[in-house]
């Protein structure tokens, strides 16, 4: 596994360029899927993370070429710049598939927690501005509902995240009109049809579980192809919110990682069929 940050020029209109970190595991596909990964951090973490991310590593281990975009430090995690920075990175990768994989590579945007929100917004914008280019979206417990009023969210105090998520939403949506914009809070979007197929995952003991399931059901109701999985309690899933990712030897976290790998492999097969 290799992972290093580098600047990828996005043209004269993109200043500064979006730094990306490349994860390459063992090749498993003749034509590897290309994944733009957007990390979590509750819209509060703005510094470039020097540690490799567990989710990105897991997807790369399954044969994907994963590029983690440093949208946070470029945008300071404020809407709409955060989402626009990530979308610019996606547009760049779409035009450079041959550089990282193949012109036939599936193009997928993926994110967890706050990054899952941005990924969902990017998928909506891709439907509107680059139809047919985005092959799929992977949303892992996306932090997608600024109301924070679901039944499962009551457990946020148990993992010490309620105040952090509340502060994160206030920071992300501080621009005028941000709260009502469908790209900022995709769960409020009234038009979901035509968006890329989705793999959506959460866990039984995750405070973000209900909003995640709700978004999956709304996508499916709009005719979007959805594959979703609820990981059992005790799998270590909620550790992704605190995990700064050093080499993780913890067996419980390997439980959720193995399920993510299995679901991602099935998702890629679904998209390829």
Please list 113-120, 162-169, 52-59 highest first by mean number of surrounding beta-carbon atoms within 10 Å per residue. 113-120, 52-59, 162-169
Chain lengthening between residue 128 and residue 261 when straightened (0.36 nm per residue, less Cα-Cα): 44.9 nm
Please arrange 71, 228 by how many other C-beta atoms lie within 10 Å of their C-beta, fewest to most. 228, 71
Taking the chain and counting helices only, DSSP H stretches of n ≥ 4 at -39,500 (n - 2.57) each over all residues, the nearest-500 ellipticity at 222 nm comes to -10500 deg cm²/dmol
Tell me, what is the percent relative contact order of the chain, built from C-alpha pairs under 8 Å that lie six or more residues apart? 18
Based only on other Cβ atoms within 10 Å, what is the fewest-to-most ordering of 103, 138? 103, 138
For the chain, what is the convex hull (Cα atoms) projected area averaged across all directions, in square nanometres? 12.9
What fraction of the DSSP beta bridges in region 2-272 is antiparallel, stated in percent and rounded to the nearest 5? 35
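Give me the number: length gained by fully extending residue 149 to residue 225, i.e. 0.36 nm times residue separation minus the C-alpha to C-alpha distance, one decimal in nm.
Extra length available between residue 149 and residue 225 comes to 24.7 nm.
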Expressed in angstrom and rounded, the centroid-to-centroid distance over alpha carbons for region 159-226 and region 78-134 is 16
Within 10 Å of each residue's Cβ, count the other Cβ atoms and sort 93, 22, 192 from fewest upward. 22, 192, 93
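Among DSSP beta bridges lying fully in region 12-138, give the percent that are antiparallel, nearest 5. All intermediate terms of the calculation are to be shown ahead of the outcome.
Working: 5 of 17 bridges.
In region 12-138, approximately 30 percent of DSSP beta bridges are antiparallel ones.
Read the figures in this text as sums done on the coordinates, not as results from a lab. Fair warning: this is a prediction, and the values are worked out from it, not measured in the lab. In this analysis, Cβ positions are derived from the backbone assuming ideal geometry, glycine residues included, and neighbour counts consider all displayed protein chains.
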